[in-house]
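Please read the structure below before turning to the comments.
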Amino acid sequence: MIRFARLAVLGVTAGFLIGAGWVRPVAAQGSGSATLDASRAHGQLLCGIAGNIPGFSLPDSQGIMKGLDADTCRAVAAAALGDAGKAKFVPTTTQNRFTALQSGEVDLLARETTWTLGREGNLGLEFAWINYYDGTGFLVKTSAGVKSAKEMDGATVCVQPGSSTELAINDYFRLNKLKFTPITIADLSEIQAAFLSGRCDAYSTDASALATFRFTQGPKANDLVLLPEIISKEPLGVMVRKGDDKWFDLVRWTFAAMITAEEKGITSANVDTFMDSTDPDIRRLLGVEGDMGKALGLDNKWAYNVIKQVGNLGEMWDRDITPMGVPRGINNLWNKGGLQYAPPIR
Ligand SMILES: N[C@@H](CCC(=O)N[C@@H](CS)C(=O)NCC(=O)O)C(=O)O
């Protein structure tokens, strides 16, 4: 069932009803962003996540959504609405995630989604930032004795349909003149069970998800091995609808704020001690000086709220990914050997 609701076109009040009904009507009331106005009116930021991936989005024993994608939603809610608690998590699948964003069911998609030209060019959606630099990997049983993906000629590989992994493994086997048989299974627990029960020789997806899946096997983690080859670039991005540039800006600069905070050593715990800093960059970031928030259609405390309530980018990593045993690597800041680099907030 397709639901079209908020058409994120500035100043246009539009709604379409096909099948199930309205999600939210559009009304640009003044911020210049229809999405921001609707979120404010409803006091909620609707955020599409997976909801079943440790380290990215998974409820804890109290039902609180944890993970890097969940915290991405919280950070945008803190910037947009002044309250990280206003992020409402909407589970989406690998297959329905784009429809959820296109239809207005969610305002933001933070769901391990690889930024590709095909997606950005064809779906009416765009990527505001990369919250995890990933790559496609292969998980195999240790007992198989396979040491390299190059030894997988003739293998069966479990893969989720609708994922960029499908294309990545096709390319890899073709390039290396190896044969393989894909076994496509949409449901996550089903694909994992299929792999564990031996229905496929390898399970392929983003290396982060393979690492966290392996981690959750506890003592049985040693029965599984991640092959050394990372066969594709999978920059996992945060997506918004095209046509609402102000909303795009807000999401993009929320990341710039978290990166700048990390660069400057500002954390959720110590941010208040920086309010009388003499560093002009910090003063602008925290809204003590200048009108950076206003430029985004927000209060000048937007970045303060993000840092205070969610933290800087490194805090997010330490809280969500480090416990899964994944080193930060290229996800570190640019001045620590990584790729995360923020343009200046000025
Ligand atoms: N990054 C890839 C893969 C994304 C993906 O589907 N990841 C799996 C990794 S576990 C997932 O989220 N599965 C959960 C589900 O489909 O419920 C893409 O954008 O297509």
**Asked** Going through the stretch 137-164 one residue at a time, which ones are in contact with a strand residue (DSSP E or B) (Cβ under 6 Å, 6 or more places away or on another chain) and within 12 Å of the ligand (Cβ to nearest atom)?
**Response** Gly137, Leu139, Cys158, Val159, Pro161, Ser164
**Restricting the stretch 168-188 to residues that are within 10 Å of the ligand (Cβ to nearest atom) and touching a residue at least 60 places away in the same chain (Cβ under 8 Å), the residue that is surrounded by the fewest Cβ atoms within 10 Å (Cβ to Cβ)** = Ala186
**Request:** Please indicate, with yes or no, whether at least one residue in the stretch 52-72 is modelled with pLDDT of 95 or more, of a type in the set (Gly, Ala, Ser), within 16 Å of the ligand (Cβ to nearest atom) and out of contact with any helix residue (DSSP H, G or I) (no Cβ under 7 Å at 6 or more places or on another chain).
**Result:** yes
**Filter pass, Met275 being over 20 Å from Ala77 (Cα atoms) and in contact with a Phe, Trp or Tyr (Cβ under 7 Å, 6 or more places away or on another chain)** = no
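Residue-wise test of (1) out of contact with any Ser or Thr (no Cβ under 7 Å at 6 or more places or on another chain); (2) closer than 23 Å to Lys242 by Cβ.
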residue	(1), (2)
Asp37	no, yes
Leu46	yes, yes
Phe56	yes, no
Gln62	yes, no
Asp69	no, yes
Cys73	yes, yes
Ala87	yes, yes
Asn96	yes, yes
**Prompt:** Taking the stretch 103-124, which residues are crowded, with 20+ Cβ neighbours inside 10 Å and on the phi < 0 side of the Ramachandran plot?
**Reply:** Ser103, Glu105, Val106, Asp107, Leu108, Leu109, Ala110, Arg111, Thr113, Thr114
**Message:** For the stretch 211-228, check the following and say yes or no: at least one residue is surrounded by fewer than 20 Cβ atoms within 10 Å (Cβ to Cβ), charged (D, E, K, R) and more than 14 Å from the ligand (Cβ to nearest atom).
**Reply:** yes
**Asked** Looking at Glu112, Glu120, which one is without any contact (Cβ under 8 Å) to a residue 12 or more places away in the chain, touching an Asp or Glu at 6+ places or on another chain (Cβ under 7 Å) and either within 20 Å of Leu68 (Cα to Cα) or in a helix (DSSP H, G or I) (or both)?
**Response** Glu120
**Message:** Looking at Ala202, Ala194, can you tell me which residue is more than 23 Å from Gly104 (Cβ to Cβ), within 14 Å of the ligand (Cβ to nearest atom) and of a type outside the set (Ser, Thr, Tyr)?
**Reply:** Ala194
**Request:** Considering (1) surrounded by fewer than 24 Cβ atoms within 10 Å (Cβ to Cβ); (2) part of a helix (DSSP H, G or I), say which one Asp69 fails and leave the rest.
**Result:** (1)
**Request:** Would you be able to say whether some residue in the stretch 72-85 is of a type in the set (A, V, I, L, M), in a helix (DSSP H, G or I), crowded, with 19+ Cβ neighbours inside 10 Å and touching a Cys at 6+ places or on another chain (Cβ under 8 Å)?
**Result:** yes
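So that you can scan it fast, the table gives a plain yes or no per residue for (1) outside any helix (DSSP H, G or I); (2) under 20 Å from Leu339 (Cβ atoms):
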site	(1), (2)
Pro228	yes, no
Met239	yes, yes
Gly243	yes, no
Arg252	no, yes
Ala256	no, yes
Glu263	no, yes
Thr273	no, no
Ile307	no, no
Met316	no, yes
**Prompt:** If you check every pair at least six apart or on different chains, which have Cβ atoms under 8 Å apart with a residue in the stretch 302-330 that is outside the structural domain of Ala211 (by TED's automatic domain parsing) first and a residue that is of a type in the set (Lys, Arg) and crowded, with 19+ Cβ neighbours inside 10 Å second?
**Reply:** Gln309/Arg74; Val310/Arg74
**Message:** Against the condition under 30 Å from Trp334 (Cα atoms) and within 13 Å of the ligand (Cβ to nearest atom), how does Val251 come out, does it pass?
**Reply:** no
**Asked** Does Thr94 fit the bill of being in a helix (DSSP H, G or I), assigned by TED's automatic domain parsing to the domain that holds Met316, within 16 Å of the ligand (Cβ to nearest atom) and polar (S, T, N, Q)?
**Response** no
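The values are calculated or read from the model by the stated rules, or taken from the named source; none is laboratory data. Treat the numbers as computed from the prediction; the structure is a model and nothing was measured. Cβ: placed from backbone, ideal geometry, glycine included. Neighbour counts: every protein chain shown.
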